[in-house]
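A quick write-up on the structure given underneath.
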Amino acid sequence: MSLVGTRLAKYELTAEIGHGGMSVVYRAHDTQLKRDVAIKVMHTFLAEQPEARERFHREAVAVARLRHPNIIEIFDYSGEKASTSYIVMELVTGSALADVVRDRPLSCPEAALLLARPIADALDAAHKGGVVHRDLKPENILLGRTGELKLTDFGIARILDNQAMTMTGTLLGSPAYMAPEYIEGYATDERADIFSFGAMLYYLVVGRLPFEAPSPHALLKRIAAGEYPLPQQNNPRTHAGLSRILVRCLKRLPEQRYANAGELRDAIDAQLRALGLDWEVELPKLLAEPRDYCEQLEERVTTRYVELGKETLARGQHGVAMEHFDRVLASKPHDAEVRKLLRRLGRRVSLLKAARAGAVATLVAMLLAGVAYGAMSWKTEQEEPRRVGETRESTSESRAPIAESQDPSPDARLPIADPAITDNRNQDATARDTATSAISDRTQPAKATPTKQPPVASPANPPDDPKLPRDPPADPVPVKPTPMRPVRFNAVNVVTAYVDDGAEPVVRDRIGPFTLDLTHGTHRLRFTNPLAYESEMNVSVDDVNPAQLVVVRLQPLPAKLFVDKAPDGATVEVAGRTWLVNAQTRNEPIFVPLPLGAGSQSLEVVVRRGDLEWRKVVDFKPGQERRLDVKLDQL
């Protein structure tokens, strides 16, 4: 029932401007202060529930104490005992961010950083104030006509204190932006907002959500598994630095995300600073004319990425330079300057690899030459003593002059800009000639002057001709066995183990203690179980540190509970958590968390509405569904 045309205390409600799962938002006029405000009025059926009223009260108290230019300001509150619960807020006369990007998608991904930066700062302020938003999405960010962004709708916010909220609202938010731990019913903190921020920023950068599926159940499953395409796959213009921010925000495990919103904001600032963009100056321009501004910004950032590529290339940071050049070519695939720089970079990298390989080959040749020389000298001194007055040929006399390599390719004759590469090539050529000459001298008979040149191998004179001199066989270089060490594991659950991205498991369906022989170094191990979340860990193996027992614990998948025929406004309590049943959540599963090592668990399910309640003890197993048929007459 609409309240337009009615009055709440001193506020005249003039128009409905939005609605959600907990409340309806109206435009109203403050008759005493003579100003327009926004009033959020709680739904009547929720106002009858003490838990919902408590949540509404906490939102008013929590947000009212937050002071930040990008957080909606609270002016008034009805109070806990009022017949109609409402919150009076500042009125932002603009549109939601979702409406802006839906009508005019951002053509320049870097523009998304300008929009996201003040929101990250607002989240940092909220988290420091003890408030987790838990429903961050473009629909809850308002854009004012004067260019300001406001984070609003803390309707399912959780207060970071020691008072437990009875209704956690696991599925009251927007599933597409929910963090995995939020969906699964585990404890959440401010890092859940960072995940939602990453999903929102992904949408702004790519133009589509990271997690998409044909049904809500499939969507929640995909989020819980962390399955989404990398942003470059959906938008090749995404710079690698921006992609790293998105990927870190969307990590499935909270501890792998940014530790707090302040750290996330600093990462955004670093990207903008590198591009020479001041978000406070640029953001109003973007909001005023998004399409024209994005076209201009695209030209500016591609020019800047060329400059950054040159700078990093000069410092020898080839990988970073490639990231900048890739971003330019995604926008301008035929850019002649960048393509020329990439060709030069490719040649430089190839030469550097060749120089390093040549240095290794030279060192091996010199070592082998030393071994051969020692053997020949010992044999000559033992079998053929030197005659008086007889001398060996000088190495310098028998060495052939060093000739420069002739490459028919014009590009190959270009001077090498990197002096390190030039020095390596000169040193390698000299070393190779010296080693070759030394081997040649030591394999010839000792004579004062050369009398006859040895025959040269040719089709008419094959290499196995007995007249050709032969080098003495080199001593075989012993191949050292790869050092390995046993590492002990103890699996709490049944696990299948994979090492270093191997396709075949090294252990299958094992529980309890087992041992793996691993080579020295760091290995990435992956443990799976169809009824638990996959787990990964790094294990370092060496001869210095003693082997440690590695305990493997896999978190069981939550069970899924469906409560059929429960009326709107009923609450479902299980495993110490409460879910609200309404039209939006009725057909969605309730994810029941199970403890580690539990094959199954018996839990009491309580369905309440007002003073009526329905109870039943239910056995839950990891990943399995349970359906309860709650009769209306039982409530």
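Structure data summary
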item	result
Average Cα contact separation per residue, the range 7-90, under 8 Å, 6 or more apart, as relative contact order %	23 percent
Listed peptides 620-629, 27-36 by packing density, highest first (mean Cβ within 10 Å)	620-629, 27-36
Translational diffusion coefficient (Stokes-Einstein; Kirkwood radius from C-alpha pairs) of the range 95-277 at 4 °C, 1.567 mPa s, in µm²/s	78 µm²/s
Average silhouette area of the range 559-634, convex hull of alpha-carbon atoms, in square nanometres	4.7 nm²
Separation in nanometres of the label points that stand 7 Å from Cα toward Cβ, at LEU549 and ALA270	4.0 nm
Contour minus Cα-Cα distance for GLU227 and VAL506 (0.36 nm per residue)	98.0 nm
Ordering of 105-111, 507-513 by packing [mean C-beta count within 10 Å, highest first]	105-111, 507-513
Residues THR522 and GLN317, FRET efficiency given R0 of 22 Å [Cβ-Cβ distance, rounded to 0.05]	0.35
Separation in nanometres of the label points that stand 7 Å from Cα toward Cβ, at GLU337 and LYS631	8.0 nm
LYS81 paired with LEU209, simple spin-label distance in nm, labels 7 Å along Cα-to-beta-carbon	4.3 nm
Förster-model FRET efficiency, 25 Å R0, ARG300 and ARG104, C-beta, rounded to 0.05	0.85
Too-long pairs where the Cα-Cα distance tops 24 Å, listed order kept, from LYS221/LYS631; LYS137/LYS285; LYS560/LYS616; LYS81/LYS150; LYS285/LYS310; LYS137/LYS221	LYS221/LYS631; LYS81/LYS150; LYS285/LYS310
Computed E for LEU345/ALA9 - FRET, C-beta separation, R0 51 angstrom, nearest 0.05	0.15
DSSP bridge pairs, the range 559-634: antiparallel proportion in percent, nearest 5	80 percent
Residue-count net charge about TYR498 - beta-carbon cut-off 11 Å; Lys, Arg +1, Asp, Glu -1	-2
J(HN,Hα) series, the range 252-263, from Karplus relation 6.51 cos²θ - 1.76 cosθ + 1.60, nearest Hz, glycine and proline x	5, 8, x, 5, 8, 7, 4, 5, 7, 5, x, 5
Reduced Cα scattering model of the range 13-83, Debye log10 I(q)/I(0), q = 0.11, 0.22, 0.29 Å⁻¹	-0.29, -1.15, -1.38
Amide hydrogen neighbours beyond the local backbone of THR578, cut-off 5 Å, H modeled	THR168, GLY169
Packing-based order for 66-77, 530-541, using average beta carbon neighbours within 10 Å, highest first	66-77, 530-541
Quarter of the Cα convex hull surface for the range 484-552, i.e. its orientation-mean projected area (nm²)	4.2 nm²
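No lab work stands behind these numbers, since they all come straight from the coordinates. Please read these numbers as outputs of a predicted model, since none were measured by experiment. All Cβ positions, even for glycine, are placed from backbone atoms using ideal geometry, and neighbour counts span all protein chains on display.
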